[in-house]
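Structure record follows, encoded as structure tokens.
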Amino acid sequence: MKATLTISSRGLVTLPAKLRQAMGLKADDLLIAETTPEGLLLRPAVTLPVEMYSDKRIREFDAAEAEAAEALARKRRKKAAR
């Protein structure tokens, strides 16, 4: 699909609705613009949600890691005893 776009005096470009729909783009999505030998390439930016861990959640991770380390140590001791 091709479209002719206009750059405003402020440098803004509006993507036509059909282009946005075809690409699954919606308001506030991020695009990466880069120059290529063929011209300007716009592509969706991949964004991933970030989870901020509370102190309680970090303690849960630490406890799980300690438990896993102990289980591994028991397995190694058991294997060494054979």
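The values are calculated or read from the model by the stated rules, or taken from the named source; none is laboratory data. Because the structure is predicted, anything quoted here is derived from the model rather than measured. Glycine also receives a Cβ, built like all others from the backbone with ideal geometry; neighbour counts cover every protein chain displayed.
Observations, loosely collected:
- Taken residue by residue, region 46-62 has no member that is at positive phi, loosely packed, with under 10 Cβ neighbours inside 10 Å and at pLDDT below 95.
- Among the conditions (1) surrounded by 10 or more Cβ atoms within 10 Å (Cβ to Cβ); (2) modelled with pLDDT of 95 or more, residue 37 misses just one, which is (1).
- Selected residue (criterion: nearest to residue 32 (Cα to Cα)) from residues of region 42-82 that are in contact with an Asp or Glu (Cβ under 9 Å, 6 or more places away or on another chain) and among the basic types (Lys, Arg): 43
- Among the residues of this structure, residue 68 counts as one that is at pLDDT 95 or above and either among the small types (Gly, Ala, Ser) or in contact with a strand residue (DSSP E or B) (Cβ under 9 Å, 6 or more places away or on another chain) (or both).
- Across region 1-31, the qualifying residues are those that are surrounded by 10 or more Cβ atoms within 10 Å (Cβ to Cβ) and in a helix (DSSP H, G or I), and the one among them that is farthest from the chain's Cα centre (by Cα) is 18.
- When region 32-76 is limited to residues that are assigned to a loop (DSSP other than H, G, I, E, B) and not hydrophobic (A, V, I, L, M, F, W, C), the one that is nearest to residue 13 (Cα to Cα) turns out to be 38.
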